[in-house]
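No lab work stands behind these numbers, since they all come straight from the coordinates. Since the structure is predicted, the reported quantities are computational estimates derived from the model, not experimental observations. Neighbour counts run over all protein chains shown; Cβ positions are idealised from the backbone, glycine included.
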Amino acid sequence: MIKSLQEIYKEALDDATSKNINRTEYESQVLHGVQIIKEFKTNKITIYPATGMDYYDEISPRERIFFERGWKYGVFKVTIEKYIADLDRIKDRKRKIINSTKSQRDLDRLTAKKNKIMNKYYKIKQKLNQLK
């Protein structure tokens, strides 16, 4: 069953793990960097997945998982995709370091970052499996 944005927003409101952010022009819920906003003036609801930067882009059609499975499941899937992309970037950087400078300090730093992301990935994957 396909869910509406209003149903997804209600799920986010009811979710005890989501962080509530109230502003004068909007109210939003945030979970693992994924943000759902409801504007007071227009009642427009928008979902913004975390991109790993300090800005948000509106969800794309490929992120229809929110409409199919709901708020929490969608957040976990988007977060896992972000972690996989981060791990791919780390792998590419490690390859460049090995082929150029061979700096052990940089390699150690990237390995520590990879381990941190892998731990987060594992925790989210466990939560996602509990929802299935």
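Observations
- Other-chain or far-sequence residues with amide H under 5 Å of Gln35's (modelled H): Tyr48, Ala50
- DSSP loop GluC sites (Glu not before Pro) with at most 14 other Cβ within 10 Å excluded, longest remaining stretch of the chain: 59-132
- Going from the residue with the fewest nearby Cβ atoms within 10 Å to the one with the most, Phe40, Phe76, Phe67 rank Phe40, Phe67, Phe76.
- Under the shape rule built on the C-alpha gyration tensor, where the axes satisfy a ≥ b ≥ c, the chain is prolate, since a/c reaches at least 1.5 and a/b is greater than b/c.
- The shape of segment 1-43 comes out oblate: with a ≥ b ≥ c from the C-alpha gyration tensor, a/c is at least 1.5 while a/b does not beat b/c.
- Distance violations [Cα-Cα > 31 Å] among Lys41/Lys120; Lys3/Lys125; Lys102/Lys127: Lys41/Lys120; Lys102/Lys127
- Between Lys114, Lys77, Lys41, the GNM of the chain built on Cα springs shorter than 10 angstrom shows Lys41 fluctuating the most.
- With a threshold of 29 Å on the Cα-Cα distance, the over-threshold entries among Lys10/Lys114; Lys72/Lys114; Lys10/Lys82; Lys77/Lys113 are Lys10/Lys114.
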